[in-house]
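Working notes, structure below.
The values are calculated or read from the model by the stated rules, or taken from the named source; none is laboratory data. From a predicted model like this one, the values you see are computed outputs, not experimental measurements. Heads up, the Cβs are rebuilt from the backbone with ideal geometry, glycines too, and the neighbour counts pull from every protein chain shown.
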Amino acid sequence: MTEAIYKIFTIAKYTFKELVKSKVLLNVIFLGLGLLLVTFVAYSFTYGEPSKIALDFGLGTLSLSSVAIAIFIGVGILYKEIESRTVYMIISRPVPRFSFIIGKILGLIGILVINILILATITLSLYFSIGGEFQSLILWAVGFIILESVLVLLVVSVLSLISTQTISVILTVISYICGHAISGIKLTSTYKLNSSFQVLIDLYHFILPGFYKLNLKDFVLYEQKVEYSYLFASMTYGLLYSGFLIMLAIIIFDKKNLD
Amino acid sequence: MIEFCEISKVFNTDLLKKNFQALSNVSFSIPEGKIIGFLGANGAGKTTSIKIAMDFIRPTSGDILYDKSLGGSKKEAFKYIGYLPERPFFYSHLTGRDFCKYLSQLSNVSNQLFKERVNKWAPIFKIEHALDRYIKNYSKGMLQRIGFLATIIHDPKLIILDEPLSGLDPIGRKELKDVIVELNKEGKTIFFSSHIISDVEEICDSVIFLKNGEIVFNGSVDQVISANIKPVTNISYFKENQVKTIKVDNNNKSNQIKRIIEDGGDIISVQADRPTLEQIFYNVK
């Protein structure tokens, strides 16, 4: 067991190193500048409570940029590993396939979290510099953006194991949009009056990721009170779903013919 | 060390197309301490066989057995196997040294041993000057060399090489062949696939011929050559300011030599007509 953990961390370390050297972090600098610009423009054209607008734009663009980075790094790495056969050199060693997949995913999550933390620091620095007030929910919101991006990363990684890169990206974007829209759909009269539509939506809700549970932006902006039980339930949901996706990736990769 | 038992592999690439039988009941074993050449034309099933041995793909039927020298099980065997794939692609944003270190850590090689082995083998592979360069800047020959170094960094007992010499210039090929022989002298078993038959003939103890997914020959190089020697002798002689060579039946050899001498010719050489492995391979085809 200790040996398997050592190998997982070795693979994670070199995946992280490879990504850092590939200058993927450079993209974050451009994204960060874009983020600053968008937030600054929104703030400059606002009357009333500019700091709220800065936070709204900041968290919104942070969330979207993080998802974009997750898709960008998640779709390529496992797919390329198999396509370019670099995986052969690793699993020809005494490395179980599950160690390889967990190590790769951990390396990706590492680089993703650093990316998001850099962007979050930029966003929040601007917010505080224009007089925004600290609320602990802001930190929860950033934490949930990280969790949401990890989920997106795992969805796209699992899909890339069974499909092409383009299809994986399209399906991930669809599941992201639907995962946010599903809570709104449940409030519509179509859902309430149409039983077959209800079954379909409930089934979707049961199987596919409910990203809306990790969205705290509205709570932050309108300074609504959120119960800790809700926060912990959402966090547990995100973590359990991530665990489920990692298990799925392990099973698929274990059965996969690497030809 | 490894035994292929009745291995078959069928690929179903497209629902609308017929299944493709890549291997049919392939059985052979890799004996310890030898250099074994795995020959066959492109598409014969060499790489598929190696991928099955390395558990990258699973056979449709049949079994691979790993003997006690490799730990007796698939799980243990990979501690003692070094594998170099065909067309090596490595992590382009790592340096050669990082890449070797990565693989050595996965094989539980200590830092001290890693340094010793790099110091020993990097000059032999003539790659020490490029160890700290990013792999993306390597040439094809350098990729092959760093791949080879990474393959043996954990001191494996069995080294499996898939087309290790393809795409290299003659000097590069000669150098890598010398290393293969050197490793074999150190007690390593080498199993390598190739379609360059002269390379196999030069360094291998035995060969396995694969054709359309079936074994057509499995035995020692001497055995295959002596089985294909024809009862014919080549006689070279010098006459009228020209070197001439004739092929004669072995039964008629003495009479023919006598006749050449009587006609004023000088005999230069008398040699049995020994076919090359390449000629035999083409006949098998």
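Among the residues of region B:1-30, which ones are touching an Asp or Glu at 6+ places or on another chain (Cβ under 9 Å) and assigned to a loop (DSSP other than H, G, I, E, B)?
B:1
Has region B:112-131 got any residue that is buried (at least 18 other Cβ atoms within 10 Å of the Cβ), within 9 Å of chain A (Cβ to nearest Cβ) and part of a helix (DSSP H, G or I)?
No, because not a single residue in region B:112-131 is buried (at least 18 other Cβ atoms within 10 Å of the Cβ), within 9 Å of chain A (Cβ to nearest Cβ) and part of a helix (DSSP H, G or I).
What single numbered condition from (1) under 27 Å from residue A:2 (Cα atoms); (2) at pLDDT 90 or above fails to hold for residue A:81?
Tallying (1) under 27 Å from residue A:2 (Cα atoms); (2) at pLDDT 90 or above, residue A:81 fails exactly one: (2).
So, of the residues in region A:86-128 that are touching a residue at least 40 places away in the same chain (Cβ under 8 Å) and among the charged types (D, E, K, R), which turns out to be farthest from the other protein chains (Cβ to nearest Cβ)?
Filtering region A:86-128 for residues that are touching a residue at least 40 places away in the same chain (Cβ under 8 Å) and among the charged types (D, E, K, R), the one farthest from the other protein chains (Cβ to nearest Cβ) comes out as A:104.
For region A:133-186, name all the residues that are surrounded by 15 or more Cβ atoms within 10 Å (Cβ to Cβ) and acidic (Asp, Glu).
The answer is A:148, and nothing else.
Here's the yes/no breakdown for (1) surrounded by 14 or more Cβ atoms within 10 Å (Cβ to Cβ); (2) more than 25 Å from the chain's Cα centre (by Cα); (3) hydrophobic (A, V, I, L, M, F, W, C); (4) within 14 Å of chain B (Cβ to nearest Cβ):
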residue: A:9; (1), (2), (3), (4): yes, no, yes, yes
residue: A:25; (1), (2), (3), (4): yes, no, yes, yes
residue: A:32; (1), (2), (3), (4): yes, no, no, no
residue: A:37; (1), (2), (3), (4): no, no, yes, no
residue: A:47; (1), (2), (3), (4): no, yes, no, no
residue: A:54; (1), (2), (3), (4): yes, no, yes, no
residue: A:61; (1), (2), (3), (4): yes, no, no, no
residue: A:65; (1), (2), (3), (4): yes, no, no, no
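Is region B:92-110 home to any residue that is more than 9 Å from chain A (Cβ to nearest Cβ), closer than 27 Å to residue B:171 by Cβ and assigned to a loop (DSSP other than H, G, I, E, B)?
Within region B:92-110 (the criterion being more than 9 Å from chain A (Cβ to nearest Cβ), closer than 27 Å to residue B:171 by Cβ and assigned to a loop (DSSP other than H, G, I, E, B)), the answer is no, since none of the residues qualifies.
Tell me the strands (runs of 3 or more DSSP E) entirely within region B:191-282 that contain at least 1 residues that are of a type in the set (S, T, N, Q) and not assigned by TED's automatic domain parsing to the domain that holds residue B:27.
Details: elements: B:206-211, B:214-220, B:232-239, B:242-249, B:266-272.
Once the strands (runs of 3 or more DSSP E) in region B:191-282 are filtered for at least 1 residues that are of a type in the set (S, T, N, Q) and not assigned by TED's automatic domain parsing to the domain that holds residue B:27, what remains is B:232-239, B:242-249, B:266-272.
Give all pairs with beta carbons closer than 7 Å in which a residue from region A:243-259 that is within 14 Å of another protein chain (Cβ to nearest Cβ) meets a residue that is surrounded by fewer than 16 Cβ atoms within 10 Å (Cβ to Cβ) and among the charged types (D, E, K, R); count only pairs at least 6 apart in sequence or on separate chains.
What qualifies is A:257/B:58.
Would you call residue B:41 in contact (Cβ under 8 Å) with a residue 12 or more places away in the chain and either in a loop (DSSP other than H, G, I, E, B) or touching a His at 6+ places or on another chain (Cβ under 7 Å) (or both)?
Criteria met by residue B:41.
So which residues in region B:31-64 are closer than 21 Å to residue B:205 by Cβ and in contact with an Asp or Glu (Cβ under 6 Å, 6 or more places away or on another chain)?
Residues satisfying the conditions are B:34, B:35, B:50.
Among the listed residues B:64, B:36, which satisfies the condition of being under 28 Å from residue B:178 (Cβ atoms) and in contact with a Cys (Cβ under 8 Å, 6 or more places away or on another chain)?
That would be B:36, the only listed residue that is under 28 Å from residue B:178 (Cβ atoms) and in contact with a Cys (Cβ under 8 Å, 6 or more places away or on another chain).
Here is a list of conditions, (1) out of contact with any Lys or Arg (no Cβ under 9 Å at 6 or more places or on another chain); (2) crowded, with 16+ Cβ neighbours inside 10 Å; (3) of a type in the set (A, V, I, L, M, F, W, C), and residue B:23 meets all of them except one; can you say which number that is?
(1)
Tell me whether region B:140-148 contains one or more residues that are farther than 16 Å from residue B:178 by Cα, charged (D, E, K, R) and more than 26 Å from the chain's Cα centre (by Cα).
No, there is no match, as no residue in region B:140-148 is farther than 16 Å from residue B:178 by Cα, charged (D, E, K, R) and more than 26 Å from the chain's Cα centre (by Cα).
If I ask for residues that are of a type outside the set (Gly, Ala, Ser) and at the interface with chain A (Cβ under 9 Å from one of its Cβ atoms), which ones from region B:62-79 would you list?
B:75, B:76, B:78, B:79
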